[in-house]
Amino acid sequence: MSTCNERSACRWRVRVAYIVAFFAVMALGLGSRAFADMLPIFVAEHFGDALWACMIYFGFRTCFAHKKISFAMWFSLVFCFAIEGSQLYQADWIHSIRETALGALVLGKGFLMADLLRYTAGIAVSSLLDLAWPWCNRSVL
């Protein structure tokens, strides 16, 4: 197999791994919300937002697998912080979106400073897992 084909196959394997990670983290995050009453209080209060940020990180890694990990870290943080900041905007049209299940999951309901810490922790853990995983020929930091 030529070098070009090997590199292309490797990129696809990496993307598939990120897609699997994306959906696995999404399932864990939805589970942390659905079964919050069965989880320890700390987990129920904090893990949903951290897992949401992990999902965003793996989404960026899926789309930009050829970029460095730091790229995904910074763009994930900016994206998560922007979504949280958008919760300060109070208009009727966006409230109607936030009142739907999907709108609440994506846009949130109200600004919390603690969410910024949760997002940062989730992205930090995701990127550390990404660094620890032995991907083939990928950019690091």
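The values are calculated or read from the model by the stated rules, or taken from the named source; none is laboratory data. Predicted model, so just to flag it, every value in this text is computed and none were measured. No Cβ is skipped: glycine too gets one built from the backbone with ideal geometry, and neighbour counts run over all protein chains shown. Protein only, heavy atoms only, side chains kept; ligands, DNA and RNA dropped before computing areas. Shrake-Rupley method; radii C 1.70, N 1.55, O 1.52, S 1.80 Å.
Taking a Cβ cut-off of under 12 Å around Phe75, the surrounding Lys, Arg, Asp and Glu residues balance to a net charge of +3, with basic ones at +1 and acidic ones at -1.
When you filter the GluC sites (Glu not before Pro) in segment 43-141 for DSSP loop state and at most 11 other Cβ atoms inside 10 Å of their Cβ, you are left with Glu99.
For segment 17-87, a/c is not less than 1.5, where a ≥ b ≥ c are the root eigenvalues of the C-alpha gyration tensor, and a/b does not top b/c. That puts it in the oblate class. Extension gain, Leu107 to Asn5: 0.36 nm times the residue separation minus the Cα-Cα distance gives 32.7 nm. What is segment 67-131 by shape, rounded, prolate or oblate, if you read a ≥ b ≥ c off the alpha carbon gyration tensor as root eigenvalues and call it rounded for a/c under 1.5, prolate for a/b larger than b/c, and oblate otherwise? Taking the square roots of the gyration eigenvalues as a ≥ b ≥ c, segment 67-131 is prolate. When each of the peptides 6-16, 86-96, 115-125 is scored by the mean number of other C-beta atoms lying within 10 Å of its residues, the order from highest to lowest reads 115-125, 6-16, 86-96.
Does the chain come out rounded, prolate or oblate, given a ≥ b ≥ c as the square roots of the eigenvalues of its C-alpha gyration tensor, rounded meaning a/c under 1.5 and, failing that, prolate meaning a/b above b/c?
Values: a/c = 2.23, a/b = 1.86, b/c = 1.20.
Prolate, because a/c is 1.5 or more and a/b exceeds b/c.
If the chain linking Gln87 and Cys63 were pulled fully straight, counting 0.36 nm for each residue of separation and taking away their Cα-Cα distance, it would gain 6.1 nm.
Ligands, DNA and RNA left out, the 1.4 Å accessible surface of the chain is 73% carbon and sulfur atoms. Relative contact order for segment 22-124: 33 percent, from Cα pairs under 8 Å spaced at least 6 residues apart, divided by residue count. The residues of the chain present an accessible area of 62 Å² per residue when probed at 1.4 Å with all protein chains retained.
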